[in-house]
């Protein structure tokens, strides 16, 4: 095998290695971007749940304070929440209070 042939094989191997590295890198970046997208959606869902909790928390007050810390809480709202799901009902009530 001539030196030129060996050099050509080494160059081809180096190019294949570079190409494989780029393909692997692109796959990793794609996987990371997909995970970021999934996590952003999860964060938005958790924010909605947290908002519902905070909305409802403001409508409760202690009804009986017990020394053991297990207090009784009363719902102060005189309205019924309505919707196809509890989340939807709370969302509708939250929307009404903003309007």
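Observations
- Prolate is the label for the range 1-57, because a/c, from the alpha-carbon gyration tensor with a ≥ b ≥ c as root eigenvalues, is 1.5 or above and a/b exceeds b/c.
- Distance (nanometres) between label positions extended 7 Å along Cα→Cβ at residue 36 and residue 78: 5.2
- Between residue 16 and residue 92, the modelled label-to-label distance comes to 6.5 nm, taking each label 7 Å out from Cα in the direction of the beta carbon.
- Relative contact order of the range 60-99, taken over Cα pairs closer than 8 Å and 6 or more residues apart, is 25 percent.
- Gap separating the Cα centres of the range 1-47 and the range 70-99, nearest whole Å: 50
- Listed peptides 90-99, 75-84 by packing density, highest first (mean Cβ within 10 Å): 90-99, 75-84
- Relative contact order, percent, the chain [alpha-carbon distance under 8 Å, six or more residues apart]: 15
- Angle between the chain longest axis and helix 3-57 axis [Cα atoms, degrees, rounded to 10]: 0
- Multiplying the residue separation of residue 9 and residue 46 by 0.36 nm and subtracting their alpha-carbon distance yields 7.8 nm.
- 0 to 90° range, to nearest 10: angle between helix 86-98 axis and the chain longest Cα axis: 70
- Per-residue ellipticity at 222 nm, computed for the chain from helices alone with -39500 (n - 2.57) per DSSP H run of at least four residues, works out to -25000 deg cm²/dmol.
- Cα extents of the range 11-99 along the three principal axes, largest first (Å): 80, 38, 20
- For the chain, built as a Gaussian network whose Cα springs stay under 10 Å, the top-fluctuating residue of 41, 74, 88: 74
- Residue separation of residue 24 and residue 2 scaled by 0.36 nm, minus their Cα-Cα distance, works out to 4.6 nm of gained length.
Values in this text are rule-based calculations from the coordinates and carry no lab data. A quick note: this is a predicted structure, and the numbers were derived from the prediction, not measured. A quick note on method: Cβ atoms are made from the backbone with ideal geometry, for glycine too, and the neighbour counts reach across all protein chains shown.
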